[in-house]
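Participant: Quick one: the structure is below, and I'll ask about it shortly.
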Amino acid sequence: MRPAASLIIFTTLSGLGLGLSVLIGLGYLEAKSDQWIIIHAVMCLGLIGAGIISSTVHLGHPERAWRALSQWRSSWLSREGVMAGCTTVVLAAYFLDQLYSGVARPWLGIIVSILSLITIYTTAMIYASLKTIARWHHVLTPFVFVLLALAGGCLLAAALQTLAGTASTAPLDVPLTQWGIGLIALASLVKILWWVNAGKNGSGSTPESATGLGGLGEVRMIMPPHTEENWLQHEMGFVVARKHAARLAVIAFILAAILPLLVLGLYPQSAALLILAAAVHLAGVMMERWLFFAEAKHTVTLYYGDRH
């Protein structure tokens with residue numbers, strides 16, 4: 001499918017903001033002053049908000065986006081919108097309460113973390129629920145989204161913690177940098193497994209099965225359905241060469257995993273390098289998300305002679 005910049009920005013920025021929200025809600029990032037509470041709020045709400053605004057650009061009529069919220073019983077897109085709105089409101093209330101009372105309420109933080117995780121999951125299920133795209137319709141797709149969001153959030157949280165000069169407040173006495181190493185490594189492993197296995201069996205449909213003429217041999221198109229490219233071919237028929245996809249996957253892996261792991265392992269006390277690592281990681285995830293869309297093949301392309 002043709003990668004849309006708005007969806008790439010949406011899934012990466014919102015995922016990063018929600019991943020950071022999960023860690024803040026669990027008490028892994030202490031705000032030592034009102035100034036840092038505001039900084040944390042701006043980072044979380046800014047990233048989530050920027051992603052949501054970007055997603056509306058993908059719509060033909062952004063002013064009608066609110067109507068999608070009414071279909072939450074059957075649509076993962078609608079559920080994601082509802083959950084994003086609820087999470088944003090509760091997250092804002094969490095920061096306002098912290099500013100007013102001077103303390104972070106653990107029970108409210110846990111609610112923030114749960115809502116943030118559910119929102120990431122609903123975003124992933126928008127794609128994982130589509131049986132028409134075998135590459136996305138895989139059990140590991142939600143795990144990829146959730147783990148990458150948590151890994152990026154942990155990396156950003158470690159950078160903010162080091163910049164503020166606060167000690168680790170990890171409930172399990174495990175520093176954020178070590179959590180970052182574990183989450184990035186786990187996210188990388190799951191992503192590699194997804195990249196190798198997702199959609200490898202194809203869509204399950206072929207011109208032979210569609211026409212019922214498979215018993216006579218291979219079915220070939222005599223002439224194309226259209227004389228020129230239409231909207232479906234433009235949007236659903238995007239193809240990236242396998243050699244280019246492999247090269248981009250390696251670059252994304254280096255940016256999103258290798259370089260951040262080196263910084264976390266060798267320079268965990270350097271705020272500047274941690275901030276740089278978080279930015280590099282985000283760039284790698286954006287490249288990974290571009291491939292996520294570019295390598296997807298919709299079953300409608302079978303109508304135009306494609307096989308997958």
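Participant: Tell me, please, whether a residue that is farther than 21 Å from ALA134 by Cβ and either surrounded by 10 or more Cβ atoms within 10 Å (Cβ to Cβ) or touching a residue at least 24 places away in the same chain (Cβ under 8 Å) (or both) can be found in the stretch 196-206.
Facilitator: As a first pass, look at the stretch 196-206 and keep what is farther than 21 Å from ALA134 by Cβ: none.
No, the conditions are met nowhere in the stretch 196-206.
Participant: Any idea which of (1) in contact (Cβ under 8 Å) with a residue 60 or more places away in the chain; (2) over 25 Å from VAL42 (Cβ atoms) is the one THR211 doesn't satisfy?
Facilitator: (1) is the only condition that THR211 fails.
Participant: Here is a list of conditions, (1) modelled with pLDDT of 90 or more; (2) over 22 Å from GLY17 (Cβ atoms); (3) surrounded by fewer than 16 Cβ atoms within 10 Å (Cβ to Cβ), and PHE253 meets all of them except one; can you say which number that is?
Facilitator: With (1) modelled with pLDDT of 90 or more; (2) over 22 Å from GLY17 (Cβ atoms); (3) surrounded by fewer than 16 Cβ atoms within 10 Å (Cβ to Cβ) applied to PHE253, the lone miss is (3).
Participant: Continuing with the same structure: Of the numbered conditions (1) surrounded by fewer than 19 Cβ atoms within 10 Å (Cβ to Cβ); (2) touching an Asp or Glu at 6+ places or on another chain (Cβ under 8 Å), PRO175 fails exactly one; give the number of that condition.
Facilitator: Exception for PRO175: condition (2).
Participant: Considering only residues of the stretch 269-285 that are buried (at least 19 other Cβ atoms within 10 Å of the Cβ) and in contact with a Ser or Thr (Cβ under 6 Å, 6 or more places away or on another chain), which is farthest from GLY17 (Cα to Cα)?
Facilitator: LEU274
Participant: Sticking with this structure for a sec: Among the residues of the stretch 235-250, write down those that are at pLDDT below 80, in a helix (DSSP H, G or I) and either surrounded by 14 or more Cβ atoms within 10 Å (Cβ to Cβ) or among the basic types (Lys, Arg) (or both). Write out each step before concluding.
Facilitator: So in the stretch 235-250, the residues at pLDDT below 80 come out as 235-244.
Filter once more, so that each one left must be in a helix (DSSP H, G or I): 235-236, 242-244.
If the condition is that a residue be at pLDDT below 80, in a helix (DSSP H, G or I) and either surrounded by 14 or more Cβ atoms within 10 Å (Cβ to Cβ) or among the basic types (Lys, Arg) (or both), then MET236, ARG242, LYS243 are the ones that fit.
Participant: Being among the β-branched types (Val, Ile, Thr) and without any contact (Cβ under 8 Å) to a residue 40 or more places away in the chain narrows it down to one of VAL190, VAL174, so name that one.
Facilitator: On the way: VAL190 fails: without any contact (Cβ under 8 Å) to a residue 40 or more places away in the chain.
The unique qualifying residue is VAL174.
Participant: Next question, about the same structure. Just to be sure I understand, how many residues within the stretch 73-119 are in contact with an Asp or Glu (Cβ under 9 Å, 6 or more places away or on another chain) and under 19 Å from PHE10 (Cβ atoms)?
Facilitator: 1
Participant: Given the criterion touching a strand residue (DSSP E or B) at 6+ places or on another chain (Cβ under 8 Å) and in a helix (DSSP H, G or I), identify the matching residue among TYR121, TYR100, TYR94, TYR127.
Facilitator: Working: TYR121 fails: touching a strand residue (DSSP E or B) at 6+ places or on another chain (Cβ under 8 Å); TYR100 fails: touching a strand residue (DSSP E or B) at 6+ places or on another chain (Cβ under 8 Å); TYR94 fails: touching a strand residue (DSSP E or B) at 6+ places or on another chain (Cβ under 8 Å).
So the residue among TYR121, TYR100, TYR94, TYR127 that is touching a strand residue (DSSP E or B) at 6+ places or on another chain (Cβ under 8 Å) and in a helix (DSSP H, G or I) is TYR127.
Participant: Moving on. Could you list, in sequence order, the residues of the stretch 103-118 that are part of a loop (DSSP other than H, G, I, E, B) and not β-branched (Val, Ile, Thr)? Quick ask: steps written out before the conclusion?
Facilitator: Residues of the stretch 103-118 that are part of a loop (DSSP other than H, G, I, E, B), as a first pass: 103-105.
ALA104, ARG105 - these are the residues of the stretch 103-118 that are part of a loop (DSSP other than H, G, I, E, B) and not β-branched (Val, Ile, Thr).
Participant: Something else about it: Among the residues of the stretch 25-32, is any touching a residue at least 60 places away in the same chain (Cβ under 8 Å) and not in a loop (DSSP other than H, G, I, E, B)? Walk me through it before giving the result.
Facilitator: First, the residues of the stretch 25-32 that are touching a residue at least 60 places away in the same chain (Cβ under 8 Å): 25-32.
Next, from what is left, pick out any that are not in a loop (DSSP other than H, G, I, E, B): 25.
Scanning the stretch 25-32 turns up at least one residue that is touching a residue at least 60 places away in the same chain (Cβ under 8 Å) and not in a loop (DSSP other than H, G, I, E, B).
Participant: Sort through GLY85, GLY60 and tell me the only one that's at pLDDT 85 or above and out of contact with any Pro (no Cβ under 7 Å at 6 or more places or on another chain). Break it down stepwise before answering.
Facilitator: On the way: GLY60 fails: at pLDDT 85 or above.
Only one candidate passes the filter, namely GLY85.
Participant: Here's another thing I want to ask about it. In this structure, does ILE192 turn out to be more than 20 Å from ALA124 (Cα to Cα), hydrophobic (A, V, I, L, M, F, W, C) and modelled with pLDDT of 90 or more? Give the derivation first.
Facilitator: Numbers: more than 20 Å from ALA124 (Cα to Cα): no; hydrophobic (A, V, I, L, M, F, W, C): yes; modelled with pLDDT of 90 or more: yes.
Taking the combined requirement at face value, the residue does not satisfy it.
The values are calculated or read from the model by the stated rules, or taken from the named source; none is laboratory data. The model shown is predicted, which means the values in this text are computed figures rather than measured ones. When we count neighbours, we look across all protein chains shown, and the Cβ atoms used for this are built from the backbone with ideal geometry, even at glycine.
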